[in-house]
1. Just the residues that are of a type in the set (Val, Ile, Thr) and open to solvent by 70 Å² or more (accessible area, probe 1.4 Å), please, taken from segment 8-31.
2. All but one of (1) open to solvent by less than 20 Å² (accessible area, probe 1.4 Å); (2) in a helix (DSSP H, G or I); (3) not β-branched (Val, Ile, Thr) hold for Pro73; state the number of the condition that does not hold.
3. Any idea which residue in segment 32-51 is nearest to Arg85 (Cα to Cα), counting only those that are crowded, with 16+ Cβ neighbours inside 10 Å and of a type in the set (S, T, N, Q)?
4. Could you tell me which numbered condition Ala62 fails, if it satisfies all but one of (1) closer than 20 Å to Arg85 by Cβ; (2) buried (at least 17 other Cβ atoms within 10 Å of the Cβ)?
5. Is it true that Leu54 is without any contact (Cβ under 8 Å) to a residue 60 or more places away in the chain, under 11 Å from the mean Cα position of the chain (by Cα) and surrounded by 13 or more Cβ atoms within 10 Å (Cβ to Cβ)?
6. Enumerate the pairs (first residue in segment 1-29 and farther than 19 Å from Asn44 by Cβ; second residue anywhere and basic (Lys, Arg)) with beta-carbon separation below 9 Å, excluding pairs fewer than 6 apart on the same chain, so at least 6 apart or on different chains.
7. Are any residues in segment 1-36 touching a strand residue (DSSP E or B) at 6+ places or on another chain (Cβ under 8 Å), under 20 Å from Ala53 (Cα atoms), in a helix (DSSP H, G or I) and not small (Gly, Ala, Ser), and if so, which ones?
Amino acid sequence: MTTSFTTGCWRHWEYRQRIGYVENCRLVFGEADYMPALIIDKFNDYFVLQTLALGMDRWKPAIVAALEKIFQPKGIYERNDVPVRELEGLPQQKGFCRRHLILRSL
């Protein structure tokens, strides 16, 4: 999935740029971008990531790796503190992601 996600993410970014979003935008709109339960927002050199279902959450390391490869961001923040995750047995959590590791915020 890493290669296909990287390709898809790059296509989404190219499209956002064509319609005028060059710094801040929602990069991935989940189902609308054929990536169910995944939301990625771009704020200049930082990204906010939400994985709202177990299937997508398991791909989080590959998603973070693809974002790092494409954008070389200053930071990727995981914002998975929403109750819907508990429906699939996932914990609510938030914190910065770095090199496939989640550093939990205190």
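The values are calculated or read from the model by the stated rules, or taken from the named source; none is laboratory data. Just so you know, these numbers come straight off a predicted model, no measurement behind them. Here the Cβ is made from the backbone with ideal geometry for all residues, glycine too, and neighbour counts use every protein chain on show. The area values use the complete protein model at the heavy-atom level, side chains included, leaving out ligands, DNA and RNA. Shrake-Rupley method; radii C 1.70, N 1.55, O 1.52, S 1.80 Å.
1. Taking segment 8-31 and keeping what is of a type in the set (Val, Ile, Thr), we get 19, 22, 28.
Within segment 8-31, Ile19, Val22 meet the criteria.
2. Result: Pro73 fails condition (2) only.
3. Thr51
4. (2)
5. Details: without any contact (Cβ under 8 Å) to a residue 60 or more places away in the chain: yes; under 11 Å from the mean Cα position of the chain (by Cα): no; surrounded by 13 or more Cβ atoms within 10 Å (Cβ to Cβ): yes.
No.
6. Listed by first residue and then by second, the contacts come to Thr2/Lys69; Thr6/Lys69.
7. Cys9
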